[in-house]
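*Asks:* One structure, pasted below without further comment.
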Amino acid sequence: MQLFGIHTRLIKPKDDLVGILLDVISKQKLTIDDGDLLMLASKAISIVQGRLMKLDTIIPSEEAKALAEKYDLDPRFVDVVLMEARKVYGGVSGALLTVKSGALIPNAGVDQKNAPKGFVVLWPDAPHEAAENIRGEIFERVGKNVGVLIVDSHISPLRMGTTGLAVGIAGFNPIRDCRAERDLYGNKLFLTRHALADDLAGATHLLMGEANGSVPAVLVKGAPISLSEELDPYSVLIAEKNCLFMNCFV
């Protein structure tokens, strides 16, 4: 598998993101081929969609003020998190633990990092649909059938630092079911599924970075995926009652 970081200028609201990426890919002397995987940073998608909110326009609620005082946060920021989150479970200094779109993530994906000064950037709107639209645009412009993955960062329980998370998925099956397979000793696998989308998100997150690298996309060649027009992007989710962490600690 080969991964190529796509370096671009600063992405702005209403930009033609696909056009920008195709131009840069050509300038980097790369080509998009059938079966490739295009990975996109969630913030690039959010900014193009206009998913920015100016903090000065926010009048925080009493709940937001209370949580902000408890967890050392800006009450305006907390108010936006409350608007975006399905549920807030608590937090630590500087972050709230929330559920957003079926994922357990900090601050419902609301972030001041890589956002214009005085603004926060929200998670993309309808990320699976956004990924599918980009996949369709690529086919229309260059005639190639690819997979598309929108990537954000997240944290894991009891682990320091961020890794990649698949937020929007299009064109390939994100989960490989291993339950019909056997291990090295011939034992049948009863529970194991391989989270291909999240594994690939982690690999590309390494190239995208978390600071000012200006790598909003990664072109992946030779990824172990099966392109498909019929996929369920929500297959990456499980119910809270079946989640080892949620069922044990919440």
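*Asks:* Would you check which residues across the stretch 97-120 are under 26 Å from Leu149 (Cβ atoms) and either small (Gly, Ala, Ser) or buried (at least 22 other Cβ atoms within 10 Å of the Cβ) (or both) and list them?
*Replies:* Correct list: Thr98, Ser101, Gly102, Ala103, Ile105, Asn107, Ala108, Gly109, Val110, Ala115, Val120.
*Asks:* Val48 is checked against (1) under 30 Å from Gly143 (Cα atoms); (2) in a loop (DSSP other than H, G, I, E, B); (3) in contact with a helix residue (DSSP H, G or I) (Cβ under 7 Å, 6 or more places away or on another chain) and fails just one. What number does that condition carry?
*Replies:* Condition not satisfied by Val48: (2).
*Asks:* Another question, if that's okay. Being within 29 Å of Ala115 (Cα to Cα), in contact with a strand residue (DSSP E or B) (Cβ under 7 Å, 6 or more places away or on another chain) and either of a type in the set (Asp, Glu) or not in a strand (DSSP E or B) (or both): is that true of Ala166 here?
*Replies:* Considered against the rule, which asks whether it is within 29 Å of Ala115 (Cα to Cα), in contact with a strand residue (DSSP E or B) (Cβ under 7 Å, 6 or more places away or on another chain) and either of a type in the set (Asp, Glu) or not in a strand (DSSP E or B) (or both), Ala166 comes out as no.
*Asks:* If you go through the stretch 1-18, how many residues are touching a residue at least 60 places away in the same chain (Cβ under 8 Å) and either of a type in the set (Gly, Ala, Ser) or loosely packed, with under 15 Cβ neighbours inside 10 Å (or both)?
*Replies:* 6
*Asks:* Among the residues of the stretch 1-36, write down those that are hydroxyl-bearing (Ser, Thr, Tyr) and either under 18 Å from the mean Cα position of the chain (by Cα) or part of a helix (DSSP H, G or I) (or both). Walk me through it before giving the result.
*Replies:* Within the stretch 1-36, the first condition is being hydroxyl-bearing (Ser, Thr, Tyr), and the residues that meet it are 8, 26, 31.
The answer is Ser26, and nothing else.
*Asks:* Restricting the stretch 44-78 to residues that are polar (S, T, N, Q) and surrounded by 14 or more Cβ atoms within 10 Å (Cβ to Cβ), which is nearest to Met208 (Cα to Cα)?
*Replies:* First pass over the stretch 44-78, keeping only residues polar (S, T, N, Q): 46, 49, 57, 61.
Right, trim to surrounded by 14 or more Cβ atoms within 10 Å (Cβ to Cβ) and you get 46, 49, 61.
Values: Ser46: 16, Gln49: 20, Ser61: 35 Å.
Looking at residues that are polar (S, T, N, Q) and surrounded by 14 or more Cβ atoms within 10 Å (Cβ to Cβ), I get Ser46.
*Asks:* Determine which single condition Phe139 fails, assuming it passes every other condition in (1) assigned to a strand (DSSP E or B); (2) modelled with pLDDT of 95 or more.
*Replies:* Of the numbered conditions (1) assigned to a strand (DSSP E or B); (2) modelled with pLDDT of 95 or more, the odd one out for Phe139 is (1).
*Asks:* Picking from Gly168, Gly186, Gly202, Gly222, which residue would you name as being at positive phi and at pLDDT 90 or above?
*Replies:* Sole residue among the options that is at positive phi and at pLDDT 90 or above: Gly222.
*Asks:* Something else about it: Just one of Met39, Met83 is part of a strand (DSSP E or B), at pLDDT 95 or above and either among the aliphatic types (A, V, I, L, M) or under 22 Å from Ala197 (Cβ atoms) (or both); which is it?
*Replies:* Met39
*Asks:* Another one. Out of everything in the stretch 176-205 that is surrounded by fewer than 13 Cβ atoms within 10 Å (Cβ to Cβ) and touching a residue at least 12 places away in the same chain (Cβ under 8 Å), what residue ends up being farthest from Ser226 (Cα to Cα)?
*Replies:* Step one: filter the stretch 176-205 for residues surrounded by fewer than 13 Cβ atoms within 10 Å (Cβ to Cβ), giving 177, 179-188, 190-192.
Add one more test, that the residue is touching a residue at least 12 places away in the same chain (Cβ under 8 Å), and what stays is 177, 179, 191-192.
Working: Asp177: 13, Arg179: 18, Leu191: 21, Thr192: 18 Å.
The qualifying residue farthest from Ser226 (Cα to Cα) is Leu191.
*Asks:* For residues in the stretch 56-70 being aliphatic (A, V, I, L, M) and either outside the structural domain of Glu84 (by TED's automatic domain parsing) or not in a helix (DSSP H, G or I) (or both), which is farthest from the chain's Cα centre (by Cα)?
*Replies:* Once the filter is applied, the top-ranked residue is Ile59.
The values are calculated or read from the model by the stated rules, or taken from the named source; none is laboratory data. Here the structure is a predicted model, which means the values were calculated and not measured. Neighbour counts run over all protein chains shown; Cβ positions are idealised from the backbone, glycine included.
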